[in-house]
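So the structure is just underneath, and the comments pick up after that.
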Amino acid sequence: MDQAVNVRAAARDELSALLRGVVARDAAALKGLYQRTSGKLYGICLRLLGDEAEAQDVLQEVYVTVWSKAALFDPSRASPITWLAALARNRAIDRLRSRSASAARNRENLDAAIDVPDDRPSSFDVLEQAEDSLRLHRCLEELEEKARTVIRAAFFEGATYPQLAQAEGLPLPTIKSRIRRGLLQLRGCLER
């Protein structure tokens with residue numbers, strides 16, 4: 001368990017340092033941030049948009065936003081990967097809303113946004129609202145310890161499922177099931 005905590009803390013610290021570099025206009029820091037996070041953020045964009053080219057365009061917009069607004073990141077409110085994932089999710093949802101495709105297709109894609117792993121129940125604005133943050137943390141505390149630990153590691157600190165499986169000494173399907181059940185419970189709590 002200590003190893004998992006160390007992996008998560010190291011990942012969070014590394015991303016925080018890279019974001020500070022971006023604030024200082026260090027292009028190498030942006031490159032490092034991109035290399036460390038683009039896979040996860042691209043997955044969010046692709047899942048929401050369902051189109052590789054559009055997902056790549058949105059991902060580029062996300063990193064342009066990061067370059068210009070990295071100073072808005074507040075580590076006391078969210079982990080770096082949470083903030084970045086919220087930016088990606090919101091950009092993708094904005095793109096969905098601006099599409100000229102049929103209303104049915106838009107509705108289908110927006111419904112898919114509900115299932116995107118995210119620690120917040122709504123858009124980037126929630127990150128700025130302390131009340132909603134407290135509500136989320138209260139709901140997390142209601143989860144079983146095992147589920148709470150892996151959800152925090154995966155979605156707040158950027159640990160991958162294989163990293164969690166290795167750190168916890170469990171098979172990958174067990175980690176995935178634990179996270180899925182926990183997310184369903186978390187969503188139920190947030191909808192109350």
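The values are calculated or read from the model by the stated rules, or taken from the named source; none is laboratory data. Everything quoted here is computed from the prediction, not taken from an experiment. A quick note on method: Cβ atoms are made from the backbone with ideal geometry, for glycine too, and the neighbour counts reach across all protein chains shown.
In region 28-58, which residues are of a type outside the set (Lys, Arg), in a helix (DSSP H, G or I) and more than 18 Å from Pro80 (Cβ to Cβ)?
Leu46, Leu48, Leu49, Glu52, Ala53, Glu54, Ala55, Gln56, Asp57, Val58
If we scan region 97-109, do we find a residue that is crowded, with 16+ Cβ neighbours inside 10 Å, basic (Lys, Arg) and at pLDDT 80 or above?
no
I need every pair where a residue in region 136-156 that is under 16 Å from Ile81 (Cβ atoms) and without any contact (Cβ under 8 Å) to a residue 60 or more places away in the chain has its Cβ under 9 Å from the Cβ of a residue that is assigned to a helix (DSSP H, G or I) and hydroxyl-bearing (Ser, Thr, Tyr), sequence separation at least 6 or different chains.
Val150/Tyr161; Ala154/Tyr161
Which residue pairs have Cβ atoms closer than 7 Å, lie 6 or more positions apart in sequence or on different chains, and pair a first residue in region 165-191 that is aliphatic (A, V, I, L, M) with a second residue that is assigned to a loop (DSSP other than H, G, I, E, B) and surrounded by 15 or more Cβ atoms within 10 Å (Cβ to Cβ)?
Leu183/Pro117; Leu186/Leu143; Leu190/Pro121
Taking Ala92, is it under 14 Å from the mean Cα position of the chain (by Cα), surrounded by 19 or more Cβ atoms within 10 Å (Cβ to Cβ) and either of a type outside the set (D, E, K, R) or at pLDDT below 70 (or both)?
yes
Have a look at Val22, Val58, Val62 and point out the one that is in contact (Cβ under 8 Å) with a residue 40 or more places away in the chain and among the β-branched types (Val, Ile, Thr).
Checking each option against the conditions leaves just Val22.
Of all residues in region 68-85, which are touching a helix residue (DSSP H, G or I) at 6+ places or on another chain (Cβ under 7 Å), exposed (fewer than 15 other Cβ atoms within 10 Å of the Cβ) and in a helix (DSSP H, G or I)?
Ala71
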